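Heads up: the structure comes next, in structure tokens.
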Amino acid sequence: MMSSPISLPSNFQPQSPLFDVLPGEIRNNIFELALMQYEDDAAAYPEDSYWYRPGFSGPLKGSSALLRTCRLAYAEGQKVFLRELEYAFWFSMLFLSIIGCQN
């Protein structure tokens, strides 16, 4: 049976300035900036497409590579990563009529 990485013990890593020198608040800011989502310009939606909205012209991408560097980075950064995720849901008029929503 495989256990989750968060339940395994992690090294404190006193040799790392990220965990030894910087306080948690600054580490959280670093995680927020490093894990921030951005619009993928290469996959931008055409302006006349169903998914295009002002301020939302393409799918959002992000990288979780920092979280895969060590267990301690995962344990501290996953909350920031999940908190900063932005979700978008598109509902068609057919769907809205099925669930009974009025305009």
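Here are the numbers:
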item	result
Meets criteria (hydrophobic (A, V, I, L, M, F, W, C) and at pLDDT below 80) for L18	yes
The range 16-72, residues that are of a type in the set (K, R) and over 18 Å from R83 (Cβ atoms)	R53, R68, R71
The lone exception for Q13 - which of (1) in contact (Cβ under 8 Å) with a residue 60 or more places away in the chain; (2) at positive phi it fails	(1)
Residue that is farthest from the chain's Cα centre (by Cα) [pool: residues in the range 20-46 that are part of a loop (DSSP other than H, G, I, E, B) and among the aliphatic types (A, V, I, L, M)]	V21
Members of the range 55-103 that are modelled with pLDDT of 80 or more and of a type in the set (A, V, I, L, M)	L60, A65, L66, L67, L72, A73, A75, V80, L82
The lone exception for C70 - which of (1) among the hydrophobic types (A, V, I, L, M, F, W, C); (2) surrounded by fewer than 15 Cβ atoms within 10 Å (Cβ to Cβ); (3) out of contact with any Phe, Trp or Tyr (no Cβ under 8 Å at 6 or more places or on another chain) it fails	(2)
Within the range 54-85, tally of residues that are free of Cβ contacts under 8 Å to residues at least 24 places away in the same chain, over 21 Å from Q13 (Cα atoms) and basic (K, R)	1
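The values are calculated or read from the model by the stated rules, or taken from the named source; none is laboratory data. Here the structure is a predicted model, which is why all the values come from computation and not from measurement. Neighbour counts run over all protein chains shown; Cβ positions are idealised from the backbone, glycine included.
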